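Only one structure is covered here, and it is reproduced in the block below.
The values are calculated or read from the model by the stated rules, or taken from the named source; none is laboratory data. Owing to the predicted nature of the structure, the values given are computational and were not obtained by experimental measurement. Glycine also receives a Cβ, built like all others from the backbone with ideal geometry; neighbour counts cover every protein chain displayed.
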């Protein structure tokens, strides 16, 4: 797995985790800004901090665990486990990245601080590479077009 695939997997994991949490963890559906800090020697310095916007829909909120599992399935992930204790969600998944036969293991934890702020820590490892991320997300308002 190359660095581009690892970065894509990391950002996808953060978004998937957020998608899976709406409703279950009392997050507000709508537009969220995520600041993701990547920690890996293989990641160039100019790619280590990324800011992304993502819309969390009401559909994702209606059944968060199902939304997360469906997203993982679309990303070629299996053997996933999700658990929740209070405001903390933990998960693991094994994924096959496009163009690679290696299995990528994803382990994450997300803490809901309030309905408009959460943070997460995710570790992705596979093919003799590893990357850790820390993300902070905040609600920005309604999604465009709503």
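Being closer than 16 Å to residue 36 by Cα, surrounded by fewer than 22 Cβ atoms within 10 Å (Cβ to Cβ) and at pLDDT 85 or above, is that true of even one residue in the stretch 121-129? Yes - at least one qualifying residue is present in the stretch 121-129. Filtering the stretch 7-39 to residues that are at pLDDT 85 or above, within 26 Å of residue 94 (Cβ to Cβ) and touching a helix residue (DSSP H, G or I) at 6+ places or on another chain (Cβ under 7 Å) leaves 34, 36, 38. Residue 129 meets the conditions (1) within 23 Å of residue 47 (Cβ to Cβ); (2) within 14 Å of the chain's Cα centre (by Cα) in every case but one. The failed one is (2). Under the condition of being over 25 Å from residue 105 (Cβ atoms) and modelled with pLDDT of 80 or more, the residues counted in the stretch 57-84 number 1. Within the stretch 41-51, the set of residues being modelled with pLDDT of 90 or more and in contact with a strand residue (DSSP E or B) (Cβ under 9 Å, 6 or more places away or on another chain) comprises 47, 48, 49, 50, 51.
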